[in-house]
Structure formats: structure tokens, C-alpha cells
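To keep things clear, I will list the structure first and then write my remarks on it.
The values are calculated or read from the model by the stated rules, or taken from the named source; none is laboratory data. Since the model is a prediction, treat every value here as computed from it, not as a measurement. Heads up, the Cβs are rebuilt from the backbone with ideal geometry, glycines too, and the neighbour counts pull from every protein chain shown.
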Amino acid sequence: MGCSRVVFYAITEERTIIIVIGLFLVGINVGFIIKMKRLMIFCFTLLQFNSVVFSANLDLKSFEPKSYYEILSHNEGKEFTLMFWSITCRPCIKELDLISRTKMYENQKFVFVSTDYDQEHEHISKVIKLFMLEEQEHWVIQTGKFEEVISEVDKNWYGEVPRNYFFDEDHNRTRLRTIK
């Protein structure tokens, strides 16, 4: 009579997912084979989901001096919301989640600017994909240019996020209050 312990390791680019299953069996039987088959299908599905959500980086534009005016020019005559956010900002993540789940924002144009600097492209891309916002326009502030670009956007802004502005067709700007 034997006793077996089965341990599976599923390794992804981002982190190691460890699936440990301790099966103490007396011999190998048909039930064991069926459980193993189901477990392997589950592991494969988990890895597939992980690779879809956390696949290659998005093409993020570099937000530097004059980018604010480029965004305004590109969206001339259109309503849009300019949203400054960070991957480490909990209220920002709440707002991204709300935007991705709420139907009333479905046809709204958003321009997202991450304040996390250009070294964080991979993490920024993952958050954008997680909330399925790839179709919107995305920028990331260039390292070393933060103070310069935020003063270009708003002289009364010191860099706290989230920071959101709504622009009507005539580009009249309204600062939006954020979720706490």
C-alpha cells in the first residue's frame, strides 16, 4: 500500500503560482486519474488567463512638456476627460474600475496619464489591461519632467492624484472631484 503526495508548480513571467495538492491515496485508481486530469485543465486555464491579462506592454506615449497641448489639439472639437492616475493610488484604481464597469462611460473619450514615470511601463500596461481600457489613449509622464508638465496642466496642482478634468467641445475645462 503506497501513499503519494502530488505537488504542482506553475511558473509565469510575473510570479510563481504554486498549486499544492496533497493527495494521500492508497494505490492509483480511476478517481485519481480523473482528479488529475481536471487539475491539469484548471492549471492550464489559470496560466492562459494569466498570460492574457498580463501579456506584452501597451504602447504608452511619453507625456513631456507640450504633450498637454498636443492632447488638446488632437481632441479639438470633442468632449473628453483627462485623467491623471498612479498604480499606487487606491482612489485612482477605484476610478479605473468604475470607468471599466459602468455603461454610462462606454462612449466617453478618456485620456489617461500615469504619473508613475516611464520605468513602470509594464505595471501600467497590466493595470490598463486588467480594467480593459486598452482602447483609450494612454500616456506616461517622462522621468524628471514631473514638475514641469504638471504646472503646464494646472498652476494650482502640486501632483496629487487622482486629478481629473472634463473638457467640453470648446475645451472649457472643469476639474472633477474624485472618489475617496
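Observations
- Residue check, PHE54 aromatic (Phe, Trp, Tyr), at pLDDT 95 or above, surrounded by 15 or more Cβ atoms within 10 Å (Cβ to Cβ) and on the phi < 0 side of the Ramachandran plot: no
- Filtered residues of the stretch 131-180 (kept if more than 24 Å from the chain's Cα centre (by Cα) and in a strand (DSSP E or B)): ARG173, THR174
- Qualifying residues in the stretch 103-120 (those that are in a strand (DSSP E or B) and of a type in the set (Val, Ile, Thr)) - the one surrounded by the fewest Cβ atoms within 10 Å (Cβ to Cβ): VAL111
- Neighbours by Cβ (under 6 Å, 6+ apart or cross-chain): first from the stretch 157-168, surrounded by 15 or more Cβ atoms within 10 Å (Cβ to Cβ); second among the aromatic types (Phe, Trp, Tyr): VAL161/PHE84; VAL161/TRP85; PRO162/TRP85; ARG163/PHE84; PHE167/PHE80
- All of LYS145, LYS109 fail the test of being modelled with pLDDT under 90 and basic (Lys, Arg), apart from LYS145.
- Test: residue in the stretch 73-86 that is closer than 14 Å to THR178 by Cα and either in contact with a Gly (Cβ under 9 Å, 6 or more places away or on another chain) or not in a strand (DSSP E or B) (or both): yes
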